[in-house]
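Comments concern the structure below.
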Amino acid sequence: MSDARSFQVTCLSPTYDVCVVGIETTIDIYRSVPRGADSFDVRGTCSLNVVIVYNPKGVDRPQKGEKWPLNKDIKVVVSPIKASTQLNDSKVKVSYYGSQGKELLGCAILYLTNVAVSLDVDVFRTGLVTRGVRGKDTWSWGQGGKGAILLVNCDRDRNSSGVSDREDTGAPNAADVKDMSPMILTAEGPDEIFDDYKVVLRISSSDSDKLRVYQKRRYQYIKVLGKRQVSYKVKRDNLDEITFYVEGLEFPDVDFPGLVYIDLVFQKDDDGSTMFAETVVFRVAPWIMTPNTQKPLEVYVCNVQSNAEFVKVISDFVDKARCSLNMVTYGENCGDRWIQDEMEFGYTEAPHKRFPVVLDSPRNRGLKDFPVSEVLGPDFGHVTREPQDSSAVNTLDSFGNLEVSPPVVVGGKNYPLGRILLGDSLSKTDMHMNKVVSDFLHAQQVQAPVLLYSTWLLVGHIDEFMSFVPAPDKKGFRLLLASPLACLELFKKKQQEGHGDAVMFEGLGKIEYTIDDVLSNKCLKESSQKCQENIDLNRKIMKKELGLCEKDIIDIPMLYQCNPDMKCAESFFPNMVNMLVLGKYLGIPKPFGPKISGTCCLEEKVRSLLEPLGLRCTFIDDFTTYHQYMGEVHCGTNVVRKPFSFSWWESVINAGPAV
C-alpha cells in the first residue's frame, strides 16, 4: 500500500505531476486560495475520476448551478482511470469563486501523466495470473481462499550434474520455467516518464534464500532477485508488461513458515521518493505423502543377487496390478535391499503444475546415492533433511517408520490428505526420529503428524504392526493391526478342533513348531501379551487421532518374540501386515503357518478377513531374503502413487485471520 500523497495546486502557474491508475490522491485546494474566494468548482478530463468527499451532516450538497463552499471538511480526490498515451494528457481544473459563487476569481490547473503500475500473480489459484485485484499481500486457506502458490523447483531440468534445479546456479531453460510461477509487472504510460521514474522489485534478505526471480531477456532467463540479490531496477525496454518467473528454493520448515513476499516500488529516480508501492505474497507448496489407498503407478524393488526368485514373484505381482516395475540393480543399491527405509515418495503441487518428489532419508546406507542419481530428474523432485551430526541418525529415521493415513475426519475436523504417522518412544528421554526430519514433516502443515509407539520393536518401525488397505465403502479404507491375541485365539481354536500337531515353518530348515508347541511356550505367550499391550496403545492413539472406530480396524494374526528383558520384540513368523498394497492387490508375506488339510490356517484367516472387501491376497515367500534379516515385503519395496485430487490449499488449517 502506498503512503498518502497530495497534489499541491496554485492559481499562479500550472502544476505537473504523475499519478498511478486506481490510486486515489487528494488535491490540496486550500494551499493557495484567491483573496475573497468563498466557493469552488472542479472538473477533470475523461481519463480521471474526480470525486468530492464531504460529511453530509456538516455540509450541504450544492444545488444545480451552485458551487461547493470552501470548507476544510470538503476534500477533492482524483484517481486515474487509464494510463496516459502522452505526457500531461490529463487535466484537473479548480475554479475559485467569490460573491457566493457568482464571481470567478482564479483557476488552478493540474496536469497529470497517468501511469498504470502493478504486480500481479495467480491470486485465485486458477493457474493463470489474476489482473487488477486487491489483497495480493495476504494468503488464506480453504475453499475460496486467496493467495499465490510457489513450487520448490527441486526436480532436475537444467542439467545432469547430480543436483536439483534449486541448487543449480545456472540459467533455467524452457522446461525449467514451466515449474515456476508467473508474475506480471505492468508499467504502462508514456515511455518518457520512465526516464525520470523507476520501477523496483524488492525482497527481504530473509527471503533471498527462499526464492529466485527471473526475467527473460533476449534468448535467456536472467536472475534478477534471490541468493543475496534483494533489489532489482526493472529494465522496462519500453514494454508495458513484463513477465517474471518465480521459483521456490526451500520447503516450509521449522524456521520458515512458507510465506515469501515480493515488493513493487514506483519511485522518482532522483530523490527516491515513493509514488506507489504494493506487495504480493506466495506460499511455498508443501511436500505431501500418499497413502496405500492412492492408485499405484510405479513399484521399486532391489535386486541384491540373492533375491532373484523374490524379484521374479514381485515382477509378476506388479504386472497383475498393472503397474510398472523399476528394478534397482546391485550396482545402484550396493547390496542394500531396504528401499522402503531409504526414501518416501510424495509430491508437490501448485495450480499450474505438480510433480512427484522423493523424500530422501538420512540413513545413508548402500542406497544413499540412489534417490539423487536415479530418481531425481525432469519433473521428479528430491528433498532431504539430515542432522549435522551423522552419528545421530538412528533406526527411527528410516522410512519404514513413516506412514500416512488415508483421508479422515476427526471430531468434525477434516484431514482430506490424511495424517502422517511417525514411530517414537513417546518419552522425552528415549529415542526419537531426528528433529530435522520430524520438524520438516510437521512444517508441511497439511498432514498433521501423529506419534505412535514403536520402540518396543527391535527395528522400531511402525510398518511392523500396521498398514492400510482400501475398502469399497464410504470409509474407503481399513486399518490393519498385527494382533498376537488374534493369533493365539486362532491357534487355540485349531487345537480344540484337533489340529494341535499342525506344523509351522515346515520345509524351511528352521526349527519347526506345532500349534501345541506355540501354545505351551511360556516365553512366547508372555512376549505376545506384552506386545499386544503395546499394539493396543497404538490402537487407542489411532482411534483418537484418526477418528476410527472398531469396525474400521481389522486384526491380523501375528506373534512376536521378545528378548530376555522383554524390551524389544521381533516377528516370530513373516509379518503379514508388512505388505505391498497395489490397489485391490495385496502382496502379503507368506507366514508359513500351521497347515491343516494342506492349507495354511494363517493365510486362510487373512483371506477370510480381507477378500470380502474385494481385495486379492497373494502370499509372497520372503522368508530367507527378507524375514530372516528382520524385514518383509513392504520393507523391500516402494511405490510411487497418484497424487490426491484434492488441492492442498483448500485445506482448513486454522480458523485465524488471513496472513
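Overview of values
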read-out: The range 121-284 - Debye-derived log10 I(q)/I(0), Cα point model, q = 0.08 Å⁻¹; value: -0.24
read-out: Degrees between helix 601-610 axis and first principal axis of the chain (Cα, 0 to 90, nearest 10); value: 30
read-out: Orientation-averaged projected area, Cα convex hull of the range 6-114 (nm²); value: 6.7
read-out: Compactness index (Cα Rg / 2.2 N^0.38 Å), the chain; value: 1.32
read-out: Under 22 Å from the Cα of Lys72 - lysines, other chains or at least 8 residues apart; value: Lys57, Lys64, Lys93, Lys102
read-out: Over 32 Å between alpha carbons, listed pairs Lys75/Lys146; Lys295/Lys540; Lys428/Lys474; Lys320/Lys605; Lys312/Lys540; Lys428/Lys493; value: Lys75/Lys146; Lys428/Lys474; Lys312/Lys540; Lys428/Lys493
read-out: Cleavage-rule hits (trypsin sites (Lys or Arg not before Pro)) in the range 313-382: DSSP loop, at most 12 neighbouring Cβ within 10 angstrom; value: Arg322
read-out: Relative contact order of the chain, defined on C-alpha pairs under 8 angstrom at six or more residues apart (%); value: 12
read-out: Net charge of neighbours whose Cβ lies under 11 Å from the Cβ of Met289, counting Lys and Arg as +1 and Asp and Glu as -1; value: 0
read-out: 12 Å beta-carbon shell around Pro484, net charge (K/R +1, D/E -1); value: -3
read-out: Loop-located trypsin sites (Lys or Arg not before Pro) in the range 112-168 whose Cβ has at most 13 other Cβ within 10 Å (DSSP); value: Arg131, Arg134
read-out: The chain: angle of helix 522-545 to the longest principal axis, Cα-based, in degrees nearest 10; value: 20
read-out: Convex hull projection area averaged over all views, the range 267-352, Cα basis, nm²; value: 11.0
read-out: For Lys233, net neighbour charge (Lys/Arg +1, Asp/Glu -1) across residues whose Cβ lies under 12 Å away; value: +3
read-out: Convex hull volume per residue for the range 230-311, taking Cα atoms only, in Å³; value: 254
read-out: Given charges at Cβ of Lys, Arg, Asp, Glu: the chain dipole, positive-most of Gly381, Pro351, Ala83; value: Ala83
read-out: Angle between the chain longest axis and helix 484-496 axis [Cα atoms, degrees, rounded to 10]; value: 30
read-out: Histogram of C-alpha separations across the range 489-528, 5 Å bin width, %; value: 6, 25, 27, 24, 15, 2
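Read the figures in this text as sums done on the coordinates, not as results from a lab. What you see is a predicted model; the values in this text were computed from it and never measured. Using ideal geometry, Cβ is built from the backbone for each residue, glycine included, and neighbour counts are taken over all protein chains shown.
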